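Written out below as structure tokens is the structure these notes cover.
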Amino acid sequence: MSPHNAQGTGKKHRALVVAPGRGCYNKDELGYLKRHHQDKLAFIDKIDQYRHGIGQRGIAELDAQAKYSFKLHTPGENASALIYACAMADFMDIDTVEYEVVAVTGNSMGWYIALALAGALQPDAAIKLINTMGSMMSDGLIGGQLIYPEMNEAWQTDLTASRLIDEVINQVNQASGCELFTSIYLGGYRVLAGNEAGMKLAETLLPRIDDKYPMRLYNHGAFHSPLLSDISDKGRAQLPESLFNAPRVPLVDGHGKIWSPYSAETTALYEYTLGQQVTEPYDFSKAIAVAVKEFAPDKIIVLGPGNTLGGPVAQALIQQQWFGWQDKTDFSAAQQDAPKLIAMGHDKQRFLATSNDIEA
């Protein structure tokens, strides 16, 4: 019996797996593949063969750099492939004796990774789609993103903050030459996307919080907004529908829609992935809400690299009062004994999800 199973029943835990998006491979994650995934060199080499074939640096080389570089590690053409490799390799390490993966979802670029986790994209198709979409703005970013909280200190939704954000979006879009949109509903945060004029105006209208927010997201374009309609068109032109299969595991997308292995149509999945997913808001909070209500997982496993997504997942669960969590205090207390939310990018939690890592 797996030592993880505290109940001693031998019954598998039902797990929802969550894939991270951009911005999670940071200074502390440098060397993530080398530390955790030396046993997956063939998988990593396959990605690097593809990248070398189109004139890009390999992810093994990027991961092995002596120093973290914003210029090298954060552009989409490098960050996307690195994050995909780390997340997929983490997924391979999940203890299948202990866990039954009942559904997968992801945040933003994590949707592409979720497609791979679920088998809707085979390995060759996954790196082609992820690398292609990640490289779309290598010649120059289109717009940008900023993040702003819409929760209180207890991680409960602050409706006053939500209304303020909506009012700022309306006000910015009434100004000449300015565009601003909701990009991602991210647990207790709202990610906004806009053109440079719209972003600058929003930064003056949103009250400063903790001398931190509103925070620009470095090297991020205006994802999940109408500003990327040309990127959507280019994606369709470069990526054929034949890359897609029906998923083997249920997928929950950024609209909260479930793509079932038994009913998912690959044409519709292709159109969503390169259409609405690119140009419309990504509701990660709704994806988590639907996933837990429909699949009733015992545990939620957030793949690495990094642990930036752990907070937003917990906040989305608090919004639903899932696991009985009413606020941040409930969440923190519950995590002390037998964590329901396991972040594989967190060294102290990683061993809970795997069969081959020991506690740090």
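The values are calculated or read from the model by the stated rules, or taken from the named source; none is laboratory data. Keep in mind the model is a prediction, meaning the values are calculated, not measured. FYI the Cβ positions are ideal-geometry reconstructions off the backbone, even for glycines, and counts take in every protein chain you see. Protein only, heavy atoms only, side chains kept; ligands, DNA and RNA dropped before computing areas. Shrake-Rupley method; radii C 1.70, N 1.55, O 1.52, S 1.80 Å.
Annotations for the structure displayed:
- With the whole protein complex present, H13 retains an accessible surface near 20 Å², based on a 1.4 Å probe.
- Listed by chain and number, the aspartates and glutamates placed with their C-alpha closer than 17 angstrom to that of K257 are E265, E271, E280, D283, E294; residues fewer than eight positions away on the same chain are left out.
- Choice from D283, D48, D90 with maximal GNM fluctuation in the chain (Cα, 10 Å cutoff): D48
- Using a Förster distance of 35 Å, the FRET efficiency for D230-Q336 (Cβ separation, nearest 0.05): 0.10
- Helical segments meeting 24 Å axial Cα length and Kyte-Doolittle 0.5 threshold in the chain (DSSP H): 76-93
- Rounded Å value of the spacing that divides the Cα centres of region 267-290 and region 183-240: 16 Å
- Taking 0.36 nm per residue of separation and subtracting the current Cα-Cα distance, fully stretching the chain between K11 and Q238 would add 77.2 nm.
- In this structure region 234-277 gives 46 Å² per residue of accessible area when probed at 1.4 Å with all protein chains present.
- Note on the chain: with neighbouring protein chains present and a 1.4 Å probe, carbon and sulfur make up 50 percent of its accessible heavy-atom surface.
- Too-long pairs where the Cα-Cα distance tops 30 Å, listed order kept, from K34/K348; K128/K328; K67/K348; K12/K46: K128/K328; K12/K46
- Accessible area per residue for region 302-360, computed on protein heavy atoms with a 1.4 Å probe, is 44 Å².
- Rounded to 0.05, the FRET efficiency of the H255 and Q326 pair, given R0 = 25 Å and the Cβ-Cβ distance, is 0.40.
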